[in-house]
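One structure is given below, encoded as structure tokens.
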Amino acid sequence: MNRILLQSMVEAIAETSLPTEWADFDFAAFSASKTLWGYQQHALRNARNALWKYYEDFVDYRQNEPLAVHQQRKERMWQWYLDNALHGDRLAIELPNKPRLASLLREYYETENNRIDYQHFINRMSFWMATGSGKTLVIVKLIELLAQLTGRGEIPPCDILFLTHRDDLLEQLKRHVDEFNARGDLQIILRELREYDAARRETPTLFRGQEATVFYYRSDNLSDEQKEKIVDFRNYENDGRWYLLLDEAHKGDREDSKRQHLYAILSRNGFLFNFSATFTDPRDIATTVYNFNLEHYIQEGYGKHIALLRQEMRAFRDEDDYTGAEKQKIVLKSLMMLAYAHKAYERVQKATPEKTYHRPLMLVLVNSVNTEDADLELFFRELERTAREGVTDDIWKAAKEELWQGLGQSPSFEFEGECVRIEQKDWESLSWEEVLRYVFNAEAHGAIEVLIRPSDRKEMAFKLKTADRPFALIKIGDISEWLKEKLSGYEINERFEDESYFTRLNEDDSEITLLMGSRTFYEGWDSNRPNVICYINIGVGEDARKFILQSVGRGVRIEPIKNKRKRLLPLYNAGEVNRELFDQLKDKVQPLETLFIFGTNRNALQTVIEGLQQEQTRTKEKQLSLFEVNPEAQKHSLLIPVYKASAQPVAKDRPIAKFEVAKDELEFLERFVGACDDRVLLALTEKDPRSLALLRQSLQQPDEFYHYDGTKLGDLRRLLGRVLDYLGVAPEEVDTLKKLEDEIRHFRHITVTLEDIDQLSEKADAVKRYPDMVRELREMYGKVSPEEYEEKARKVSPSQELVCDGKRIVIKHIAQHYYLPMVLAEDEKVDYIRHIVKTPSEVRFIKDLEAYLEKNRQQVQSVRLVALQQAGRKPGRGLHPLLRPEDQPHRPLQA
């Protein structure tokens with residue numbers, strides 16, 4: 001079962017527990033015009049926590065440490081995953097059936113039974129972030145974080161390499177780095193990987209003051225051989241000491257699997273950071289440090305709703321021969337949906353003088369462009385015919401009714417509980433004239449003419465001769481064949497404006513309402529405008545699924561108000577939109593806040609459904625609401641301790657573990673402190689006089705406080721800060737007692753990742769009803785035969801067992817436990833249910849509690865039997881003492 005582990009592990013690390021060197025970062029600031037969103041800062045904090053755990057908490061990094069120390073960190077990291085129920089054997093790497101690649105892996109890793117333990121690859125973290133969520137900004141800020149931690153000596157000075165699979169994504173990184181550098185703090189110097197040797201000759205360290213050099217390259221040009229643009233990774237292997245940042249670098253050709261191994265080899269003694277919107281490998285999912293995939297992106301309000309129109313829409317190319325009318329209806333339905341969104345936009349603009357939302361746009365994404373009867377050509381032919389001839393009343397009515405059959409049922413949005421809301425009267429009022437006006441920018445149908453720029457061979461626009469503005473744009477790799485083969489006979493006009501229609505799509509006055517093309521613009525392009533996407537003959541393979549998820553991610557962006565990138569309701573709830581504006585718009589904006597998706601054949605539609613549903617259910621957890629506080633707890637005052645920081649550090653009261661430091665640096669620190677006035681030290685360290693007094697005491701008795709085998713820091717101020725932090729650790733001590741309020745609440749969040757939870761729910765419900773069943777039995781006692789009583793009593797049990805995936809849990813009713821029922825697992829590796837009792841010490845406590853209660857129950861039962869005998873009475877047949885409430889003595893409740 002694929003489950004995210006690293007995120008929950010690092011989010012359990014309290015920020016207050018981190019030392020100053022790790023806590024002092026500005027995660028928000030990016031440039032004069034950009035500040036990172038809360039979720040982007042969250043991703044960076046999680047990354048910082050993971051690095052702290054790896055480079056300080058497991059084994060504290062020291063300069064010039066041997067490589068064996070890095071292997072110790074991997075072992076500790078691996079054990080941490082295992083402690084959190086990772087199935088390590090499932091992640092092991094099988095040596096491929098390719099001798100050359102297998103030999104390469106044996107060169108760098110230990111193998112056993114033709115497998116490599118995944119422990120060797122565990123120095124990595126994944127960022128599962130939706131397309132459009134701003135991954136590149138997070139990458140640039142992560143570079144800043146690595147540079148600052150390197151400068152502070154907290155992590156090794158590994159070189160930084162950024163890899164991605166497309167030139168436009170490299171250009172996007174460069175633009176964001178230029179914007180970041182303009183802020184004037186850290187300067188990130190970008191250099192192509194092939195300049196690596198020259199850069200190292202110029203300077204021995206690539207982190208100098210306020211500069212950090214970062215190398216970049218196309219990930220698909222990295223290999224184990226050298227060609228013109230293909231580089232041999234061995235030339236840049238650098239003993240595996242890279243911080244490697246991958247942006248969708250798992251995409252590319254059939255050699256992907258080999259390249260994944262090359263990335264791991266390059267970063268084996270550094271760290272690997274993997275960014276993607278479409279993780280599918282269980283290794284990437286387990287090591288995800290932050291999950292903000294498409295589902296979370298939308299649920300948090302940052303994206304449009306997704307309405308996947310599930311009605312069957314017949315394809316342009318299929319085994320059956322469909323009529324021209326059927327093909328026209330396919331195009332017409334998508335144009336209707338676009339016009340409906342435009343009407344909503346018009347109503348919104350009239351409702352308020354403020355500039356809000358966007359002019360709706362439709363994307364038509366096709367599989368083939370230049371082949372005979374290409375998908376793009378077939379769609380364009382029907383679009384052109386509809387624009388030229390108009391539509392008959394019969395076709396208009398049929399298309400409208402068929403589309404309403406799906407919309408009128410209020411289909412649910414993907415990932416959400418909300419539904420599409422379209423008023424029937426609004427839908428019925430939609431007219432062909434409005435389609436002409438809102439989609440074609442025209443008042444009457446007419447022939448299409450083509451607009452091109454001679455200097456641009458990648459795009460061509462279309463307008464009706466009855467209009468003065470274009471309405472559609474085709475953007476493909478090369479329009480030459482289209483102009484020669486597919487548009488012969490059309491009127492073609494040249495235009496000489498400098499700016500292309502495509503680059504102006506996001507401008508308020510962009511006339512384009514319909515954008516057609518293949519896969520050339522689904523990445524590296526930002527727009528809030530798409531409200532309709534139509535997929536034509538997109539396949540069903542893994543690449544197609546990823547393409548669909550990526551392009552949907554591009555379509556869900558939203559910006560109701562400038563620089564406010566959430567839907568209206570989340571903005572209002574966050575206080576970022578006033579009540580007056582909210583009331584003006586709330587009933588009008590759903591069409592603008594929705595992305596309507598059409599599939600034009602069964603396969604393409606199924607691909608969308610499976611892709612989105614897989615994205616939705618892969619990490620979906622179901623919460624159980626069967627657990628509650630024991631009613632008996634309400635009758636008792638349960639007290640818990642309240643702690644306070646001790647008035648003085650541990651070192652003041654008792655000996656503590658000695659601080660490791662190089663002897664010559666300690667002697668230098670001793671001379672420096674001895675020569676400094678306390679006022680100077682106070683200004684340097686911002687500590688209190690008591691801390692300085694303890695520092696001086698420790699330096700006068702160095703053998704009691706210091707070990708002399710530490711590595712050199714090479715920075716007196718950092719050493720002074722670390723020593724003061726070490727000496728200043730203050731324990732917590734009990735201050736007082738308080739009544740229990742809401743401190744114990746984990747039982748409210750028991751969640752499972754099982755697809756079918758019926759059996760678990762039934763067993764938990766049966767245990768929950770145990771007291772009622774006991775009362776029913778008590779009322780039956782003496783009224784039925786002993787045999788019938790015993791038969792019914794055997795069916796009443798205070799516990800139930802469930803075994804799933806070979807792992808057993810027990811659901812128990814313990815009358816003296818704080819909440820009922822409770823769930824216990826003796827196997828810590830149970831991973832299909834969370835927030836239960838499975839830590840060994842907690843399990844032992846429950847067993848001890850049960851043993852104690854059983855011992856007292858037996859003592860009470862013995863006393864009862866003696867009393868009956870002394871009274872001259874025999875114990876009745878059918879007596880079931882376990883089920884008699886009076887045999888359960890009241891004991892203090894245990895949490």
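The values are calculated or read from the model by the stated rules, or taken from the named source; none is laboratory data. Computed from a predicted structure; not experimentally measured. Quick reminder, even Gly has a Cβ in these numbers, built from the backbone with ideal geometry, and neighbours come from all protein chains shown. Please note that ligands, DNA and RNA were not included when accessible areas were found on the heavy atoms of the full protein model with its side chains. Shrake-Rupley method; radii C 1.70, N 1.55, O 1.52, S 1.80 Å.
Look at A467 and say whether it is aliphatic (A, V, I, L, M), in a loop (DSSP other than H, G, I, E, B), in contact with a helix residue (DSSP H, G or I) (Cβ under 6 Å, 6 or more places away or on another chain) and buried (at least 18 other Cβ atoms within 10 Å of the Cβ). Spelling it out, it is not the case that A467 is aliphatic (A, V, I, L, M), in a loop (DSSP other than H, G, I, E, B), in contact with a helix residue (DSSP H, G or I) (Cβ under 6 Å, 6 or more places away or on another chain) and buried (at least 18 other Cβ atoms within 10 Å of the Cβ). Filtering the range 621-647 to residues that are modelled with pLDDT of 75 or more, among the polar types (S, T, N, Q) and surrounded by 13 or more Cβ atoms within 10 Å (Cβ to Cβ) leaves only N630. Among the residues of the range 25-37, some residue qualifies, meaning at least one is in a loop (DSSP other than H, G, I, E, B), touching a Gly at 6+ places or on another chain (Cβ under 8 Å) and not acidic (D, E). Need pairs with beta-carbon distance below 9 Å; first residue among the small types (G, A, S) and within the range 411-436, second part of a helix (DSSP H, G or I); sequence gap 6+ or separate chains. Once the first residue is among the small types (G, A, S) and sits in the range 411-436, its partners that are part of a helix (DSSP H, G or I) give S429/K343; S431/A339; S431/W396. Scanning the range 390-410 for residues that are surrounded by 12 or more Cβ atoms within 10 Å (Cβ to Cβ), more than 23 Å from A447 (Cβ to Cβ) and touching a residue at least 60 places away in the same chain (Cβ under 8 Å) yields a count of 6. With respect to the conditions (1) modelled with pLDDT under 90; (2) surrounded by 14 or more Cβ atoms within 10 Å (Cβ to Cβ), V439 falls short on a single one, namely (1). Checked against (1) touching a helix residue (DSSP H, G or I) at 6+ places or on another chain (Cβ under 6 Å); (2) over 30 Å from K562 (Cα atoms); (3) of a type outside the set (A, V, I, L, M), T20 passes all but a single condition, namely (1).
Residue selection: E354 fails the criterion of being closer than 30 Å to E434 by Cβ and at pLDDT 90 or above. Does I757 meet the test of being under 23 Å from L820 (Cα atoms), in contact with a His (Cβ under 6 Å, 6 or more places away or on another chain) and either at pLDDT below 80 or of a type in the set (V, I, T) (or both)? The answer is no for I757. Would the range 42-59 turn up any residue that is open to solvent by less than 50 Å² (accessible area, probe 1.4 Å), in contact with a strand residue (DSSP E or B) (Cβ under 7 Å, 6 or more places away or on another chain), over 25 Å from L173 (Cβ atoms) and at pLDDT 90 or above? No, the range 42-59 contains no residue that is open to solvent by less than 50 Å² (accessible area, probe 1.4 Å), in contact with a strand residue (DSSP E or B) (Cβ under 7 Å, 6 or more places away or on another chain), over 25 Å from L173 (Cβ atoms) and at pLDDT 90 or above.
Being modelled with pLDDT under 85, out of contact with any Ser or Thr (no Cβ under 8 Å at 6 or more places or on another chain) and either of a type in the set (K, R) or under 26 Å from S334 (Cα atoms) (or both): is that true of I452 here? Judged against the criteria, I452 is not a match. Within the range 352-378, being open to solvent by 60 Å² or more (accessible area, probe 1.4 Å) and either hydroxyl-bearing (S, T, Y) or in contact with a His (Cβ under 8 Å, 6 or more places away or on another chain) (or both) holds for one residue alone: T371. Beta carbons closer than 6 Å, at least 6 apart along the sequence or on distinct chains, pair a first residue in the range 76-100 that is more than 11 Å from R283 (Cβ to Cβ) and open to solvent by less than 90 Å² (accessible area, probe 1.4 Å) with a second that is part of a helix (DSSP H, G or I) and of a type in the set (S, T, N, Q) for W78/Q119. All conditions but one from (1) under 27 Å from R775 (Cα atoms); (2) open to solvent by less than 80 Å² (accessible area, probe 1.4 Å); (3) modelled with pLDDT of 55 or more apply to Q858; the one that does not is (2). I want to confirm something. Restricting to the range 667-676 and keeping residues that are open to solvent by 70 Å² or more (accessible area, probe 1.4 Å) and not aliphatic (A, V, I, L, M), which single residue is nearest to K652 (Cα to Cα)? Checking each candidate, the answer is E670.
Every condition in (1) farther than 26 Å from A12 by Cβ; (2) open to solvent by less than 10 Å² (accessible area, probe 1.4 Å) is met by V138 except one, and the failing one is (1).
For L802, the conditions (1) open to solvent by 30 Å² or more (accessible area, probe 1.4 Å); (2) within 22 Å of K838 (Cβ to Cβ); (3) in contact with a helix residue (DSSP H, G or I) (Cβ under 8 Å, 6 or more places away or on another chain) all hold with the exception of (1).
Applying the condition of being without any contact (Cβ under 8 Å) to a residue 60 or more places away in the chain and more than 14 Å from D284 (Cα to Cα) to the range 110-124 and asking which residue is least open to solvent (accessible area, probe 1.4 Å) yields I116.
Against the definition (hydroxyl-bearing (S, T, Y) and either part of a helix (DSSP H, G or I) or farther than 18 Å from Y263 by Cα (or both)), how does S126 come out, yes or no? So S126 does not fit the description; no. Screening A444 with (1) open to solvent by 30 Å² or more (accessible area, probe 1.4 Å); (2) modelled with pLDDT under 90; (3) touching a Gly at 6+ places or on another chain (Cβ under 9 Å) gives one miss only, at (2). Kindly evaluate L335 against the criterion of being touching a strand residue (DSSP E or B) at 6+ places or on another chain (Cβ under 9 Å) and crowded, with 17+ Cβ neighbours inside 10 Å. Yes; evaluated as a whole, the condition is true for this residue. Restricting attention to the range 818-846, the residues that are among the polar types (S, T, N, Q) and in a helix (DSSP H, G or I) total 1. Considered as a group, the residues in the range 290-332 that are basic (K, R) and open to solvent by 10 Å² or more (accessible area, probe 1.4 Å) include one that is modelled with the highest pLDDT, and that residue is K329. Of all residues assigned to the range 505-516, none qualifies as being open to solvent by 20 Å² or more (accessible area, probe 1.4 Å) and in contact with a Leu (Cβ under 7 Å, 6 or more places away or on another chain). Being touching a residue at least 24 places away in the same chain (Cβ under 8 Å), open to solvent by less than 10 Å² (accessible area, probe 1.4 Å) and farther than 30 Å from D281 by Cβ narrows it down to one of F180, F215, so name that one. Only one candidate qualifies: F180. Residues in the range 573-595 that are of a type outside the set (S, T, N, Q), open to solvent by less than 60 Å² (accessible area, probe 1.4 Å) and in contact with a Phe, Trp or Tyr (Cβ under 9 Å, 6 or more places away or on another chain): L581, F582, L585, V589, P591, L592, E593.
Taken over the range 686-711, the criterion of being part of a helix (DSSP H, G or I) and open to solvent by 50 Å² or more (accessible area, probe 1.4 Å) is satisfied by P689, R690, A693, R696, Q697, Q700, D703, E704.
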